[in-house]
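Below: the structure, in structure tokens.
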Amino acid sequence: MSPIYVRPEREQAEHDRLIRFLQAEYSRKLEAVANPGDERVAAIKVGTATHFPDLVLNDGNRLAGVVEIETAASVNNLETMAKWVPFCKARVPFHLYVPVQGYEAAMRLAHAHQVKAAEVWTYRPASEGFDLVRMFVDP
């Protein structure tokens with residue numbers, strides 16, 4: 001969990017459920033290690049700082065990608081500066097997941113802070129998982 005923002009309990013539960021859902025999806029091709037809630041299992045180093053993204057994707061011993069999931073209330077300027085900016089500097093694909101209603105704000109924040117995401121996805125809960133729509137792909 002970010003030291004900047006504490007999610008409401010309902011949003012945190014949905015966030016952690018999406019982490020587990022995506023971990024299963026990404027695990028089909030890569031090793032996906034999750035950091036749900038307060039867990040600190042997989043870290044990445046960006047410069048001299050250590051970060052704990054929601055999912056760390058590995059291909060063998062090599063870092064292959066970083067996934068960050070936001071909720072409606074966490075699509076904000078502080079989260080962008082604390083997480084998105086360092087993750088896009090990790091020299092691996094950065095995948096950002098935001099709720100459907102947070103897409104416009106996320107794109108404005110990404111543009112304002114020069115965040116280059118490989119993909120931006122929107123999500124909404126569904127009865128058996130999540131509805132995911134890829135809204136942006138970096139060519």
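Which sequence of Trp121, Trp84 reflects their accessible areas, 1.4 Å probe, from the largest down?
Accessible-area ranking of Trp121, Trp84, largest first: Trp121, Trp84.
Rounded to the nearest 500, what is the chain's calculated 222 nm mean residue ellipticity when only DSSP H runs of at least 4 contribute -39500 (n - 2.57) each, over all residues?
Taken over the chain, the calculation gives -7000 deg cm²/dmol.
If the viscosity is 1.567 mPa s and the temperature 4 °C, what Stokes-Einstein diffusion coefficient in µm²/s follows for region 98-139 when Rh is the Kirkwood radius over Cα pairs?
Once the numbers are plugged in, D ends up at 118 µm²/s.
Express the carbon and sulfur contribution to the solvent-accessible surface of the chain as a percent, rounded to the nearest whole number, probe 1.4 angstrom.
52 percent
For the chain, set up a Gaussian network in which alpha carbons nearer than 10 Å are linked by springs, and say which option among Thr80, Thr48, Thr122 fluctuates the most.
Judging by the Gaussian network model, the answer is Thr48.
Among Ala126, Ala32, Ala82, which one moves the most in a GNM of the chain with springs linking Cα atoms closer than 10 Å?
Answer for the Gaussian network model of the chain: Ala126.
If you work out semi-axes √(5λ) of the Cα gyration tensor in Å from the coordinates, which of (i) 25, 22, 12; (ii) 19, 18, 16; (iii) 22, 16, 14 do you get?
Computing semi-axes √(5λ) of the Cα gyration tensor in Å and matching it to (i) 25, 22, 12; (ii) 19, 18, 16; (iii) 22, 16, 14 gives (ii).
Using a 1.4 Å probe, what is the accessible area per residue for the chain, in Å²?
Per-residue value: 55 Å².
Remind me, relative contact order of the chain in percent, using alpha carbon pairs under 8 angstrom and six or more residues apart?
In percent, rounded to a whole number, it is 18.
Pick from Ser74, Ser27, Ser127: which is most flexible by mean-square fluctuation in a GNM of the chain where alpha carbon atoms under 10 Å apart are linked?
Top of the fluctuation ranking is Ser127.
Can you grab the distance from the C-alpha centre of region 1-71 to the C-alpha centre of region 95-132, Å, no decimals?
So the two Cα centres are separated by 15 Å.
Rounded to the nearest 10 Å², what accessible area does Arg17 have for a 1.4 Å probe in the complete protein model?
100 Å²
Quick check for me: using +1 on Lys/Arg Cβ and -1 on Asp/Glu Cβ, what's the dipole size of region 1-112 about its Cα centre, in debye to the nearest 20?
380 debye
Order Asp54, Asp38 by their accessible area, 1.4 angstrom probe, all chains in place, largest first.
Asp38, Asp54
The values are calculated or read from the model by the stated rules, or taken from the named source; none is laboratory data. Being a predicted model, the structure only gives us computed values, none of them experimental. Here the Cβ is made from the backbone with ideal geometry for all residues, glycine too, and neighbour counts use every protein chain on show. The accessibility values were calculated without ligands, DNA or RNA, using every heavy atom of the protein model including side chains. Shrake-Rupley method; radii C 1.70, N 1.55, O 1.52, S 1.80 Å.
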